[in-house]
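Working notes, structure below.
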Number of protein chains: 2
Amino acid sequence: MKNFFKVTDLDDVLELVSEFKTVEKEIVPILQAGGRIIAENIISDMDLPDFARSTMDGYAVQASSTFGATEGNPAFLKMAGTVLMGETAELSIAPGEAAKISTGGMLPDGADSVVMIEHTQNIDEMALEIYRSVAPGSNIIEKGEDFRKGETILTSCCRLRPQEIGLLAAFGRDMITVYKKPIVGIISTGDEIVPINENPGPARIRDINSYSLSDLVIQTGGVPVPYGIVRDNFSDLKEKCLLAHEKSDMIMISGGSSVGTRDYTIDVLSSLPDAKILVHGISISPGKPTILAAASGKPVWGLPGHVVSSMVVFHMVVRSFIEHISGRSSGSGQHREIPACLSRNISSAQGRLDCIRVRLMQKEGQLAAEPILGKSALINTMVKADGIIVIGLNSEGLEKGSRVSVIPI
Amino acid sequence: MKNFFKVTDLDDVLELVSEFKTVEKEIVPILQAGGRIIAENIISDMDLPDFARSTMDGYAVQASSTFGATEGNPAFLKMAGTVLMGETAELSIAPGEAAKISTGGMLPDGADSVVMIEHTQNIDEMALEIYRSVAPGSNIIEKGEDFRKGETILTSCCRLRPQEIGLLAAFGRDMITVYKKPIVGIISTGDEIVPINENPGPARIRDINSYSLSDLVIQTGGVPVPYGIVRDNFSDLKEKCLLAHEKSDMIMISGGSSVGTRDYTIDVLSSLPDAKILVHGISISPGKPTILAAASGKPVWGLPGHVVSSMVVFHMVVRSFIEHISGRSSGSGQHREIPACLSRNISSAQGRLDCIRVRLMQKEGQLAAEPILGKSALINTMVKADGIIVIGLNSEGLEKGSRVSVIPI
């Protein structure tokens, strides 16, 4: 028999992220920072808000002036004036007084709460009826209630969502330090691969992987740089890899990683500057013949040629490495997986992680994961799928009704 | 009492998407089409693959030549040659013969299956031992097994994921018709709002909404165009709205939609070309004072000024309208919600949908949704949150342990 490569367990592969360093930082306008990984800690330089504000349209009062008020027995208050938006109120509220205030208005001196307009009625310009009592602090936010001056409001290594972009705006941060988007060089190998604008003719197929992998890189926050197709020979692949290695933060080579006659990938990877083969085979299916090397501290992947295998390996393995070199902390974004219920029995071989493509559907009031059968060379199985479930190393399969976690794809 | 606006139920608001037409189409390179909505049906113009291929490194055989083979009692086959990658095999396989073949190689005439290299050993150049029998069709994919010529491979109005980009590559489609990204004009109103690079000083706050809403638009596949801050007066707001209306596919105005003294939004919306107010208040909390108008067939929103309210309304309502005008069919992408278990009792007012911000965490082996308390003017509640759960119109609350669906934010 051929001598097999020694496969590495998925968990051990994922621990290798720490071998690689993150990309450089850059400063960008916050409107271009959505989805990026923040590369600085942000400390608030003021209370937010910087003054007590009304959260309702209504009347600013001392709460004690409203105690006991009901529809049948309203409180009568004296109008002390109107708070103008965006201006410091010059009036002040004494017991038994009220001032008209809009949502977002600054609470006048003396007032400790706001009565909603719906629970009031103007008798005339000077008098107001109140039909419901309020507690102190009602319908207002206090100075510093959102964030206090000196508080850490955002920490490095988190992904910026719309709410964090808004938060940066609140503190006047129009520029922000983020990690650069990692450049990922993509190379397709194989004598049977033709560019997609060519007619493949017999025995050949178009270069699918450059496109599916590029879009996966974009989706993960990287910048794909396709280097085209390389024939199955050492010197062509080495030349292309050296070029890509110089210009990229990571390289993905698809094809040429099986135990085949023309597998120069491992030799080429070994020949890159300061290279070390870290993984030669992973105990997952599909995706076993995956190679990971470090070359001058950059990850270089030999991915399977099958379109589905390479995408599954991307989702299960490569994605974590892109996130790591993008500066994202491993603790953030843990909740991508969707719990569901397996729709039927499924068997699995022991000794490897089986990655099963599934379709999600509502079934008897709950979310069901329906396995999609089909070989890992068939792209239609990925097009039909909504996600991937994993059957563990030591499992012979899962029974219908089992709770599973679906990784969306 | 003030005369209240009549609120519309959320479901009724969501049905109004059909009032609006989709944006125009454009043709883009497929590497720029990821995440976009396809605007044509794609019919396959060839079988995929166009020839029977090996899915393994091994030997192409007639399955019957291997029947009964075991480690102890191997089958002996005669080597008929080697299949070169990317070339039509000139050899042909007779019973008792085998040809070396790599993953992706074209199956030679006569062969109906492939034996994995791991289950074979070369005796010499001419002879091969086989240790395991294969069934016809093993380790190959048939011509047309992925897609048949003439089949519809993609239908209009779906979002393109990496696998669909790969599929388009497989069929040589380097350009694709997609819907344009909708242009969304964003206007902030309020005398208390200052640009984010200014020091707000007393009684004023920075313009958070232009930024949080812009990033939400980007996340939803649109192009935000911020028009800055407009003071609370009819003519300024009208002028800005007319400009935005002419240049956008949708407008979002934040602030100025409560029953306040300076609420010109409804008057301005009514004054836009061919305008009709469709919704004046939605039975959700936060977010009740939301206005929706149609002006010359374009949606125009008056969103609440509170930063959290406007984001919640975006997630619960506006997003569906952007997806609709982006050309996305309502049936696609239904599985965004994450099932979880409520971590504690939560009460709710009847007669409105309560949108509760939650944090997701693993708790006793399952995914728990932990409500985040806090007023809808506090952006920290959105920064802490992973998602939103909805408590129904007719519910007084949910008990600890209830199954909930979390809308990721």
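The values are calculated or read from the model by the stated rules, or taken from the named source; none is laboratory data. Being a predicted model, the structure only gives us computed values, none of them experimental. Counting neighbours? That spans all protein chains shown, and the Cβs are built from the backbone with ideal geometry, glycine included.
Things to note:
- Hey, B:Tyr264 at pLDDT 90 or above and aromatic (Phe, Trp, Tyr) or not: no
For every residue, the table says whether it meets (1) in a strand (DSSP E or B); (2) touching a helix residue (DSSP H, G or I) at 6+ places or on another chain (Cβ under 9 Å); (3) more than 28 Å from B:Pro29 (Cα to Cα); (4) more than 12 Å from every other protein chain (Cβ to nearest Cβ).
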residue: A:Ser214; (1), (2), (3), (4): no, yes, no, no
residue: A:Pro226; (1), (2), (3), (4): yes, yes, no, no
residue: A:Asp236; (1), (2), (3), (4): no, no, no, yes
residue: A:Leu243; (1), (2), (3), (4): no, no, no, yes
residue: A:Met252; (1), (2), (3), (4): yes, yes, no, yes
residue: A:Asp267; (1), (2), (3), (4): no, yes, yes, yes
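- B:Leu107 vs. criteria within 30 Å of B:Arg352 (Cβ to Cβ), within 48 Å of the chain's Cα centre (by Cα) and modelled with pLDDT of 95 or more: no
- Test: residue in segment B:179-201 that is over 27 Å from B:Val268 (Cβ atoms) and aromatic (Phe, Trp, Tyr): yes
- One residue stands out among those in segment B:75-109 that are on the phi > 0 side of the Ramachandran plot and surrounded by fewer than 24 Cβ atoms within 10 Å (Cβ to Cβ): the one that is nearest to the other protein chains (Cβ to nearest Cβ), which is B:Gly86.
- Selected residue (only one of A:Leu242, A:Leu237, A:Leu292 is modelled with pLDDT of 95 or more and under 28 Å from B:Met56 (Cβ atoms)): A:Leu292
- Total residues in segment B:177-193, condition touching a Lys or Arg at 6+ places or on another chain (Cβ under 9 Å) and either facing chain A (nearest Cβ under 8 Å) or buried (at least 22 other Cβ atoms within 10 Å of the Cβ) (or both): 8
- Options B:Ala275, B:Ala169: the member that is at the interface with chain A (Cβ under 7 Å from one of its Cβ atoms) and small (Gly, Ala, Ser): B:Ala169
- Any hit, segment A:148-159, residues being facing chain B (nearest Cβ under 7 Å), touching a residue at least 24 places away in the same chain (Cβ under 8 Å) and of a type in the set (Gly, Ala, Ser): no
- Residue tally, condition away from chain A (no Cβ under 12 Å), surrounded by fewer than 16 Cβ atoms within 10 Å (Cβ to Cβ) and in a strand (DSSP E or B), over segment B:110-136: 3
- Test result for A:Glu145, at the interface with chain B (Cβ under 8 Å from one of its Cβ atoms), in a loop (DSSP other than H, G, I, E, B) and in contact (Cβ under 8 Å) with a residue 60 or more places away in the chain: yes
- Any hit, segment A:190-206, residues being closer than 25 Å to A:Arg319 by Cα, touching a strand residue (DSSP E or B) at 6+ places or on another chain (Cβ under 7 Å) and among the small types (Gly, Ala, Ser): no
- Subset tally (residues that are more than 48 Å from the chain's Cα centre (by Cα) and within 24 Å of A:Asp50 (Cβ to Cβ)) for segment A:69-90: 2
- Under the condition of being more than 12 Å from chain B (Cβ to nearest Cβ) and either surrounded by fewer than 17 Cβ atoms within 10 Å (Cβ to Cβ) or closer than 21 Å to B:Ser405 by Cα (or both), the residues counted in segment A:342-369 number 10.
Residue-wise test of (1) closer than 19 Å to A:Pro202 by Cβ; (2) over 41 Å from the mean Cα position of the chain (by Cα).
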{"position": "B:Thr103", "(1), (2)": "yes, no"}
{"position": "B:Asp124", "(1), (2)": "no, yes"}
{"position": "B:Glu129", "(1), (2)": "no, yes"}
{"position": "B:Arg132", "(1), (2)": "no, yes"}
{"position": "B:Asn139", "(1), (2)": "no, no"}
{"position": "B:Glu145", "(1), (2)": "yes, no"}
{"position": "B:Lys149", "(1), (2)": "yes, no"}
{"position": "B:Thr152", "(1), (2)": "no, no"}
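- In segment B:345-354 there is at least one residue matching the filter, namely being on the phi < 0 side of the Ramachandran plot, in contact with a Leu (Cβ under 6 Å, 6 or more places away or on another chain) and part of a strand (DSSP E or B).
- Qualifying residue in segment A:324-335 (condition: assigned to a helix (DSSP H, G or I), within 30 Å of A:Glu246 (Cα to Cα) and either in contact (Cβ under 8 Å) with a residue 40 or more places away in the chain or at the interface with another protein chain (Cβ under 9 Å from one of its Cβ atoms) (or both)): yes
- With respect to the conditions (1) crowded, with 24+ Cβ neighbours inside 10 Å; (2) aliphatic (A, V, I, L, M); (3) touching a helix residue (DSSP H, G or I) at 6+ places or on another chain (Cβ under 9 Å); (4) at pLDDT 95 or above, B:Val307 falls short on a single one, namely (4).
- Among the residues of segment B:370-386, those identified as at the interface with chain A (Cβ under 8 Å from one of its Cβ atoms) and outside any loop (DSSP other than H, G, I, E, B) are B:Asn380, B:Met382, B:Val383.
- When residues of segment B:1-50 are limited to those that are crowded, with 17+ Cβ neighbours inside 10 Å and of a type in the set (Asp, Glu), the one nearest to the other protein chains (Cβ to nearest Cβ): B:Asp50
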